[in-house]
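These notes concern the structure reproduced below.
The values are calculated or read from the model by the stated rules, or taken from the named source; none is laboratory data. Note that the structure is a prediction, hence the values are computed from the model and not measured. All Cβ positions, glycine included, derive from the backbone under ideal geometry; neighbour counts span all protein chains shown.
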Amino acid sequence: MMLRSWLIKGMCALPLILGLPATWAAEVNTPLKVVYFQDYPPFSSGAGEQVHGVFIDILQEALVRRMKQPILNAGYPWERAQYMVKQGEADAFVTAHNPDRKLYTDASSETLFTAEIKFYVRKNHPDIDKIMAFTQVAQFKPYKIGSYIGAGWTKTNLGGFDITYFPLSESLFRSAAKGLVDASPDIAAMARPYIVRLGLKEELAEVPHSFDTLHYRLCIRKNSNFTKLLPEFDKTLKAMRNDGTLAEIMKKNNLQ
C-alpha cells in the first residue's frame, strides 16, 4: 500500500521535477496532434507521418525538446488538415491566423515565420509587361487566378475573382507555367525554391511588388485543453529567437 502511494505521488510530482509549468503539466503525456499542408516546402512536406520541414523542426525544438510536450505530426491536403482541426480530429496547425481561423482557434502571439505574398505569371503571357508593373491586388481581377485548395489568403482577399483551385502546390505551378491560369499568389519563401525545384525558373516570373505580409503562428483549437500551452510556447519561441536557434533552423532549410 505504501509503495503504491509513493508511485502515485511520484507520478504526480514528475512534472514538477521536470520543471514543467503547472498550468499544462497534466497534458504532458497526451500528444498534441498537429497537422500540416503536405505540399508546402520548405515549411511542410510529406504525407502522413512522413511530413517534415521548417514548421516541424520548430515545434519539435520548442514543444518536445524544451517544453517536454509530445506531439504527433502528420501531413494532409491543406483543406482536409484545416477541417480536421475544426472538427476536433486534430489539435493544431501552423498558419496565418486569418478571420475564418480565428473563429475556431487561438494562436500564439509569437510568429514562427513572416512571409511576403507575391504573384507568379508565365513569362510568355501576352500581358507580361503590364502584369509585372501591378501594385494592387484589384489589378488582377480581369485575369484567371490559380491557387491551391484551402488557401486562406485567396479566400480572404480574392472574393469575386475567377479562381481555379488545385490540390497541391506542384500542380498549381505547373498549370501556371502551361497557361491554364494567368497568375498565382503565394508566399515568396515557398514559391521561389519550389519553382526552381520543379524546373520552371525559365517559365515563371515573380511580380516585383509585395502584395501582403503573412505571419505564421501556432493555432490551437479553442475547445482543446492544449490552448494552455500558448503562453509558455510564446516564451519558448522568443527564447529560441534570442539564442539563435530559430536562425539555425532557417539556415538548415535554406531560409535566411
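See the values below:
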| quantity | calculated |
| --- | --- |
| Qualifying residue in region 206-227 (condition: of a type in the set (A, V, I, L, M, F, W, C) and out of contact with any strand residue (DSSP E or B) (no Cβ under 8 Å at 6 or more places or on another chain)) | no |
| When residues of region 210-249 are limited to those that are of a type in the set (A, V, I, L, M, F, W, C) and surrounded by fewer than 17 Cβ atoms within 10 Å (Cβ to Cβ), the one farthest from Pro41 (Cα to Cα) | Ala239 |
| Top-ranked residue of region 113-136 - restricted to ones that are closer than 11 Å to Val207 by Cβ and among the aliphatic types (A, V, I, L, M), ranked as surrounded by the most Cβ atoms within 10 Å (Cβ to Cβ) | Val121 |
| Residue check for Arg192: assigned by TED's automatic domain parsing to the domain that holds Arg122, under 21 Å from the mean Cα position of the chain (by Cα) and free of Cβ contacts under 8 Å to residues at least 40 places away in the same chain | yes |
| Test: Thr95 is touching a helix residue (DSSP H, G or I) at 6+ places or on another chain (Cβ under 9 Å) and either closer than 16 Å to Arg217 by Cα or part of a helix (DSSP H, G or I) (or both) | yes |
| Which listed residue is small (Gly, Ala, Ser), assigned by TED's automatic domain parsing to the domain that holds His97 and part of a helix (DSSP H, G or I), from Ala176, Ala239 | Ala239 |
| Residue in region 108-124 that is of a type in the set (S, T, N, Q), more than 25 Å from Asn73 (Cα to Cα) and out of contact with any strand residue (DSSP E or B) (no Cβ under 6 Å at 6 or more places or on another chain) present | yes |
| Check on Ala191, crowded, with 20+ Cβ neighbours inside 10 Å and in contact with a helix residue (DSSP H, G or I) (Cβ under 8 Å, 6 or more places away or on another chain) | yes |
